[in-house]
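Colleague: Got a structure for you, questions after.
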Amino acid sequence: MESDGDPVALGQLLRSRRAGLSPSAVGLPPGTRRRTPGLRREEVALLANLSTTYYTYLEQGRPVRPSEHVLDALAAALRMTTAERRYLDVLAYGRHDGVGPAAEGGRASVTPTEYLAPGVVDLVHRLEPYPTYVKGRRWDVLASNPSARELFTDWEARPVGDRNLVRWMFTSDRARQVYLDWEFEARAMLGRFRLAAARHKDEPSFVALVAELRRDSEFVRRWWPRHDVASIGSGVKKLRHPLLGPRTYSHVVLQIADNPDQTLVTYRVES
């Protein structure tokens, strides 16, 4: 069975992480005559207990299929985060859920229409006055309550094709006003979105969105080649409310059980 992954991107990720590690960070002597920063290929191969030739093939993006054991060894050798380890799975196998290889035959090339259950829409509105929205598989905002629209932007007033959270983050002046630490939050959002984009790399709507983001945002053009990824999770953000001014918000992220590609995000003011 052919891999449904992306060996070229996997090679880019390995090179990027290798370049970012010093020998001292992984317990190796500094050595001499290093022409470039970071580890040498043979050093990563040694740390991962692989042959240098095999590791070189991986970096070159050749269509080899690394095992789970190899991916674990590479993640440990390159000091990868949990999110980066998950990203390795996606690039190696095209996985949707991090549990197993994608089904034989690959995914459909046409993006299916997203359906949001009425009960989820009702929950979003019952959580008023806490700002709450649901984002879909491509990070389009599928539902939002009045408090969320007041805090972020009026998603329902936008055309259906212009309700994408990532596009809004990188192309809207309003996003820079709302997020007090915009650059940090934008980079983290792009890292989280990258995992979704890798899982759906062959879908035209994802390909088009990534192309638009790289065309319209200098930050995306600069950050996308770095293959930085981040896990989706709850936490705290500093946001500027149009009426209340700067506030610290805690937020909770919940996966929709009937459609794991959809997540509900709800906020509350902490201070």
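Colleague: For residues in the range 197-211 being in a helix (DSSP H, G or I) and touching a Lys or Arg at 6+ places or on another chain (Cβ under 8 Å), which is surrounded by the fewest Cβ atoms within 10 Å (Cβ to Cβ)? Even if it seems obvious, please write down each step before you answer.
Modeller: Filtering the range 197-211 for residues in a helix (DSSP H, G or I) gives 197-199, 204-211.
Next, from what is left, pick out any that are touching a Lys or Arg at 6+ places or on another chain (Cβ under 8 Å): 199, 205-207, 209.
Details: Arg199: 24, Ser205: 15, Phe206: 20, Val207: 13, Leu209: 20.
This residue is Val207.
Colleague: Here's another thing I want to ask about it. Among the numbered criteria (1) closer than 30 Å to Ser172 by Cβ; (2) at pLDDT 90 or above; (3) surrounded by fewer than 21 Cβ atoms within 10 Å (Cβ to Cβ), which single criterion is violated by Tyr133?
Modeller: Only one criterion in (1) closer than 30 Å to Ser172 by Cβ; (2) at pLDDT 90 or above; (3) surrounded by fewer than 21 Cβ atoms within 10 Å (Cβ to Cβ) is unmet by Tyr133, namely (3).
Colleague: Let me ask something else. So which residues in the range 237-253 are touching a strand residue (DSSP E or B) at 6+ places or on another chain (Cβ under 8 Å), more than 16 Å from Arg192 (Cα to Cα) and not charged (D, E, K, R)?
Modeller: Answer for the range 237-253, where residues must be touching a strand residue (DSSP E or B) at 6+ places or on another chain (Cβ under 8 Å), more than 16 Å from Arg192 (Cα to Cα) and not charged (D, E, K, R): Leu239, His241, Leu244, Pro246, Thr248, Tyr249, Ser250.
Colleague: Another question, then. Scan the range 116-136 and give yes if some residue there is within 24 Å of Tyr249 (Cα to Cα), among the acidic types (Asp, Glu) and in contact with a His (Cβ under 8 Å, 6 or more places away or on another chain), otherwise no. Walk me through it before giving the result.
Modeller: Residues of the range 116-136 that are within 24 Å of Tyr249 (Cα to Cα), as a first pass: 120-136.
Checking the rest, the ones that are also among the acidic types (Asp, Glu) come to 122, 128.
Filter once more, keeping what is in contact with a His (Cβ under 8 Å, 6 or more places away or on another chain): none.
No - not one qualifying residue is present in the range 116-136.
Colleague: Out of the residues in the range 65-101 meeting the condition of being in contact with a helix residue (DSSP H, G or I) (Cβ under 6 Å, 6 or more places away or on another chain) and at pLDDT below 85, tell me which one is surrounded by the fewest Cβ atoms within 10 Å (Cβ to Cβ).
Modeller: My answer is Gly98.
Colleague: With respect to Ser3, is the statement that it is small (Gly, Ala, Ser) and modelled with pLDDT of 90 or more true? Please lay out each step first, then the result.
Modeller: Values: small (Gly, Ala, Ser): yes; modelled with pLDDT of 90 or more: no.
Answer is no for this residue.
Colleague: With the condition kept exactly as written, say whether any residue in the range 246-254 is under 23 Å from His125 (Cβ atoms), in a strand (DSSP E or B) and of a type in the set (Lys, Arg). Steps first, answer last, please.
Modeller: So the first thing to find is which residues in the range 246-254 are under 23 Å from His125 (Cβ atoms), and the list is 247, 249-254.
Narrowing the set further to residues that are in a strand (DSSP E or B) leaves 247, 249-254.
Subsequent filtering for residues that are of a type in the set (Lys, Arg) retains 247.
Yes: the range 246-254 contains one or more residues that are under 23 Å from His125 (Cβ atoms), in a strand (DSSP E or B) and of a type in the set (Lys, Arg).
Colleague: A further question on this structure: Out of Arg62, Arg33, I need the residue that is of a type outside the set (Gly, Ala, Ser) and modelled with pLDDT of 80 or more. Which one?
Modeller: Working: Arg33 fails: modelled with pLDDT of 80 or more.
Among Arg62, Arg33, only Arg62 is of a type outside the set (Gly, Ala, Ser) and modelled with pLDDT of 80 or more.
Colleague: Checking Leu244 against (1) farther than 26 Å from Leu88 by Cα; (2) in contact (Cβ under 8 Å) with a residue 60 or more places away in the chain: exactly one of these is not met. Which one?
Modeller: (2)
Colleague: Further question: Please state which one of Arg192, Arg221, Arg187 is within 24 Å of Leu14 (Cα to Cα), at pLDDT below 95 and assigned to a helix (DSSP H, G or I). Steps first, please.
Modeller: Working: Arg221 fails: at pLDDT below 95; Arg187 fails: at pLDDT below 95.
Exactly one of Arg192, Arg221, Arg187 is within 24 Å of Leu14 (Cα to Cα), at pLDDT below 95 and assigned to a helix (DSSP H, G or I), namely Arg192.
Colleague: Any residue in the range 140-163 that is touching a residue at least 24 places away in the same chain (Cβ under 8 Å) sitting within a Cβ distance under 6 Å of a residue that is among the basic types (Lys, Arg) and in a strand (DSSP E or B)? List the pairs, counting only those 6 or more apart or interchain.
Modeller: Filtered contacts from the range 140-163: Val141/Lys135.
The values are calculated or read from the model by the stated rules, or taken from the named source; none is laboratory data. It should be emphasised that the depicted structure is a prediction, and the values quoted were computed from it without experimental measurement. We place every Cβ from the backbone using ideal geometry, glycine too, and count neighbours over all the protein chains shown.
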